[in-house]
1. For residues in region 91-142 being among the basic types (K, R) and out of contact with any Gly (no Cβ under 8 Å at 6 or more places or on another chain), which is farthest from L58 (Cα to Cα)?
2. What single numbered condition from (1) farther than 29 Å from L55 by Cβ; (2) among the basic types (K, R); (3) at pLDDT 95 or above fails to hold for R147?
3. Does R79 count as of a type in the set (K, R), assigned by TED's automatic domain parsing to the domain that holds I138 and at pLDDT 95 or above?
4. Within the set of pairs 6+ apart or on separate chains, which have a first residue in region 42-65 that is of a type in the set (K, R), a second that is surrounded by 22 or more Cβ atoms within 10 Å (Cβ to Cβ), and C-beta atoms under 6 Å apart?
5. Which numbered condition in (1) buried (at least 19 other Cβ atoms within 10 Å of the Cβ); (2) modelled with pLDDT of 95 or more is the only one that E45 fails?
6. Any idea which of D157, D187 is assigned to a helix (DSSP H, G or I) and at pLDDT below 60?
7. Of everything in region 6-37, what is more than 24 Å from F130 (Cβ to Cβ) and either basic (K, R) or out of contact with any helix residue (DSSP H, G or I) (no Cβ under 8 Å at 6 or more places or on another chain) (or both)? Give them in sequence order.
Amino acid sequence: MAAAALHPTENRGYRELYATTQRLASHWSRLAGRLGEGDAATALEAGVRAARQLLDELALQTARYGLHGFPAARGLGARMAGAKNEVGDRFLERNQALRLAVLDAYHVKLLLGYLAEVAGHRGDAPLAEFCRSWEGRIGRIELPVRRAALAAGSDPDTAIKPVDASAPGRAAHGLAYAIGTAGEWVDGRAASHRRSGAPG
């Protein structure tokens, strides 16, 4: 018997899930390599394995409804991760990159929770259970990365190093540092003007 039709929000939601899960897998894989050995890289690599498993299982689930996520949706996720890997992360410190990586997992987890609610409302218990199960599993891969991000604060000298140690990465990090320094100067001058009551 054919599966009941998905609600339109599920069609869009599952395609978003393909894209965001692929983004997590691609981004975390590259970030783990940049961080080198340690708890953070280990946590990221475990997350990559889980995300790839979710993608495999998701393909079986959504195929029952005539919905597929390859190549377009997963390709979009890979491109989004590529932008983060090749551009965004190069401007970041190690602690910043780790904290932002936690948001990748949070996005996937939140989307799974939403899709579980929609499937439950539609009376599709198996699909709701699939989403709830994976919501919990993604939460379990998010937690060690979150802990690693927090633990980076115990070694602030390492935490502020550029996440990308290549020449382009060091240059991008230097530019971000210069922009931040200029911003601090502007804010300091503005605060000084406010305290002195000077106009402007």
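The values are calculated or read from the model by the stated rules, or taken from the named source; none is laboratory data. Everything numeric in this text was worked out from a predicted model, so none of it was measured. All Cβ positions, glycine included, derive from the backbone under ideal geometry; neighbour counts span all protein chains shown.
1. Filtering region 91-142 for residues among the basic types (K, R) gives 94, 99, 109, 122, 132, 137, 140.
Checking the rest, the ones that are also out of contact with any Gly (no Cβ under 8 Å at 6 or more places or on another chain) come to 94, 99, 122, 137, 140.
Working: R94: 32, R99: 27, R122: 18, R137: 14, R140: 18 Å.
Among those residues, the one meeting the criterion is R94.
2. (1)
3. Numbers: of a type in the set (K, R): yes; assigned by TED's automatic domain parsing to the domain that holds I138: yes; at pLDDT 95 or above: no.
Criteria not met by R79.
4. R52/A25
5. Just one mismatch for E45, condition (1).
6. Numbers: D157 fails: at pLDDT below 60.
None of the others qualify; the one that does is D187.
7. If the condition is that a residue be more than 24 Å from F130 (Cβ to Cβ) and either basic (K, R) or out of contact with any helix residue (DSSP H, G or I) (no Cβ under 8 Å at 6 or more places or on another chain) (or both), then R30, R34, G36, E37 are the ones that fit.
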